[in-house]
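Have a look at this one before I ask anything.
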Amino acid sequence: MISDLVKRIFVTFAIIVVPLIIGLLFTYEIINFEFLSWMENQPSIRPMEMPFPVPENSVPIQGAAFVGGVGSPENPVQADEVSIERGRILYEINCKLCHGNEAKGDGPMAAYFRTVPPRDLTDPSVVNLGDGDIFLVITNGKQYMPPLRMNLEIRSRWDVVNYLRVLQANTSQ
């Protein structure tokens, strides 16, 4: 009697549940739910792709770098030994490959720029620019120079500007 009941339960289970499970396996791709917590479903920025624009009237966590439409920003970082040393280190990491040791535009990568070589940053046209103008070029890039706003924090960009001013002063002597 018990074995007959077990057989009936097993047969009922096989008739109802097994086709249901098989059906779900075949229709999984159709019924697939996207969960926002899965990393592959989130928006991302690919290498060498421009980031999303900053929302209007927003201020970065580090503070405002500059206010658009009111000219170039003023250099808020004093050109002391600490700033110049930080700028030297950051220049060597981010700028030296293209612009060279003395910012003449003769770095190891300069040979690969056939149409527009890297800019000589000791040229009088660059020396006469304001600190804020150089900061904006570092931030936004220009022609073939990539924007470095994602690589360098605001303070770090000002440190590079301060170090660049030292390089320019050393080469003009």
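So if we plug the beta-carbon distance of ASP123 and TYR144 into 1/(1 + (r/R0)^6) with R0 = 22 Å, what FRET efficiency do we get, rounded to 0.05?
0.85
Step by step: find N for the stretch 104-173, compute 2.2 N^0.38 Å, then divide the Cα radius of gyration by it. What's the final number?
This ratio for the stretch 104-173 stands at 1.11.
Quote the charge dipole size of the stretch 81-168 about the Cα centre in Debye, to the nearest 20; the model charges only the Cβ of Lys and Arg (+1) and of Asp and Glu (-1).
On the way: 11 positive and 11 negative charges, 54 e Å.
Computed charge dipole of the stretch 81-168: roughly 260 debye.
Sorting check: for 3-11, 127-135, which peptide has the highest mean count of neighbouring beta carbons within 10 Å, and how do the rest follow?
Result, highest mean Cβ count within 10 Å first: 127-135, 3-11.
Bear in mind that the values in this text are calculations on the coordinates, not laboratory data. Predicted model, so just to flag it, every value in this text is computed and none were measured. We place every Cβ from the backbone using ideal geometry, glycine too, and count neighbours over all the protein chains shown.
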